[in-house]
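**Q** This is the structure I have questions about; it appears just below.
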Amino acid sequence: MQSTLTSNGQVTIPKKIRDALKLQPGCKLNVTIDSSGSLMLEKAPVEPPKESPRIAAAKLKSEDRFEQVRGKASIHWRTQELMNLLRGEN
């Protein structure tokens with residue numbers, strides 16, 4: 001199969017090859033030249049998406065909020081006293 005190099009240095013990969021490699025727009029490709037001067041094109045491994053710093057901070061905050069207050073209560077409730085308080089009983 002032939003493909004033409006554009007003035008911008010771009011080449012269209014024929015549809016049969018795109019289908020065989022399951023290439024989609026935005027796919028990363030590794031391009032190398034072997035010792036005989038042949039061009040090698042392969043689909044790059046897919047990396048998991050990177051987490052934004054904002055999402056990472058939100059996760060850290062939600063995980064830490066309980067640790068921040070663990071052991072801070074100054075009142076030591078007995079179970080029956082707490083149940084009475086919650087039920088509105090004296």
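Every number here is computed from the coordinates shown, using simple stated rules; none is lab data. Remember, predicted model here, so these are calculated numbers, not experimental data. Note: ideal-geometry Cβ built from the backbone for every residue, glycine included; neighbour counts use all protein chains shown.
**Q** Residue farthest toward the positive end of the dipole of the chain, with Cβ of Lys/Arg at +1 and Asp/Glu at -1: which of Leu5, Asn84, Val69?
**A** The one lying farthest along the dipole's positive direction is Asn84.
**Q** Between Arg87 and Gln68, what length in nm is gained on full extension when 0.36 nm per residue of separation is reduced by their alpha carbon distance?
**A** Taking 0.36 nm per residue and subtracting the Cα distance, the gain is 4.0 nm.
**Q** Sticking with this one: Order by neighbour count: Met83, Met1, fewest other Cβ atoms within 10 Å first, most last.
**A** Met1, Met83
**Q** Hey, another quick one. Along the range 12-17, what does the Karplus equation 6.51 cos²θ - 1.76 cosθ + 1.60 (θ = phi - 60°) give for ³J(HN,Hα), rounded to whole Hz, x for Gly and Pro?
**A** 8, 7, x, 4, 4, 6
**Q** Moving to a separate point now. Please list the radius of gyration and Dmax for the chain, considering alpha-carbon atoms only, with Å as the unit.
**A** Using the Cα atoms of the chain, the pair Rg, Dmax is 30.5, 91 Å.
**Q** Moving on. Across the range 72-80, in residue order, what do the Karplus-derived ³J(HN,Hα) couplings come to in whole Hz, using 6.51 cos²θ - 1.76 cosθ + 1.60 with θ = phi - 60° and x for Gly and Pro?
**A** 9, 5, 9, 9, 9, 7, 8, 4, 5
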